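Below is one structure, written out as structure tokens, with a few remarks after it.
Nothing in this text is a laboratory measurement; each read-out follows from the coordinates by a stated rule. The model shown is predicted, which means the values in this text are computed figures rather than measured ones. So basically every Cβ, Gly included, is an ideal-geometry build from the backbone, and we count neighbours across all protein chains shown.
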Amino acid sequence: MSDVGDDFAARVSGVGSLADPVRRSLYGYVCAQTDPVSTDQAATATGIARHNAKFHLDRLVNEGLLETEFSRPQGRGGPGAGRPTKFFRRAAREVSVTLPERRYELAGQLLATAVDDSVREGSSVLEELMRAAERTGLAAAESTTLQHIESDVDPVSSTCQALAAHGYEPRRDSDTITLANCPFHALAKEHTALVCGMNLALVGAITERLGEGTLSARLDPDESRCCVVISSDETEGAS
């Protein structure tokens with residue numbers, strides 16, 4: 001099992017590709033233009049050989065940093081106009097990487113959903129936030145279940161994989177799983193009770209669905225890790 005999710009690996013790869021000065025120059029040029037640009041335009045503007053520019057532009061597309069479209073240049077159309085030209089533009093997808101991994105966008109989505117649901121239902125924002133976090137945890141568990149539908153993966157490994165995909169960095173130690181990272185660290189420092197409750201709802205839903213009755217999540221705050229700890233039910237019964 002990987003300690004980081006595929007999405008995080010993709011984001012790291014995308015940002016890392018900009019370490020190359022040629023790709024960085026081409027990316028900067030494309031992003032600065034109002035309209036999509038062709039390989040020839042990018043090569044001429046940056047002083048990079050066309051074949052080299054083409055290679056790096058396609059690499060940026062593969063990394064999810066640029067998108068392409070095909071059209072004929074202005075003034076050229078109809079029979080005999082030739083094949084459409086490939087144009088590049090900045091990808092709509094947002095790419096950002098923080099280490100340790102943070103998921104502040106997810107926190108914002110959960111809070112916005114909670115406010116919307118609260119207004120619509122006339123219920124407490126806090127109650128709706130916990131429900132939204134639970135739904136997110138169940139969705140994560142379902143995704144992990146689908147990945148393992150044809151394989152024999154034990155409940156603890158499945159639970160750890162789902163938690164890793166959300167940035168929690170699970171660590172197995174005998175019958176206990178600790179979460180080395182809180183994806184909402186900065187928010188947790190300022191709004192501890194709120195964020196810890198959200199963490200427990202999300203992690204608890206993953207644990208309940210994938211743990212198959214063998215695991216339980218509980219709050220056990222510690223400044224060096226996430227506030228949630230997961231234990232086997234046998235450990236809980238013995239404590």
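What is the sum of charges, Lys and Arg at +1 and Asp and Glu at -1, for the other residues whose Cβ falls under 12 Å from the Cβ of Y29? Here the count lands on +4. Each residue in V125, V37 was given a count of other beta-carbon atoms within 10 angstrom of its own, and listing them fewest first yields V125, V37.
Placing pseudo-labels 7 Å out from each Cα toward the beta carbon at Q33 and A19 gives an inter-label distance of 2.8 nm.
Counted by neighbouring Cβ atoms within 10 Å, the residues I48, I230 run from fewest to most as I48, I230. Count Lys and Arg as plus one, Asp and Glu as minus one, and take only other residues whose Cβ is under 14 Å from that of L138; the net charge is then 0. Placing dummy labels 7 Å off each Cα toward the beta-carbon, the span from H51 to R218 is 6.7 nm. Taking amide H as placed 1.01 Å from N in the peptide plane, K86 has no amide H partner under 5 Å among residues 5 or more places away or on another chain.
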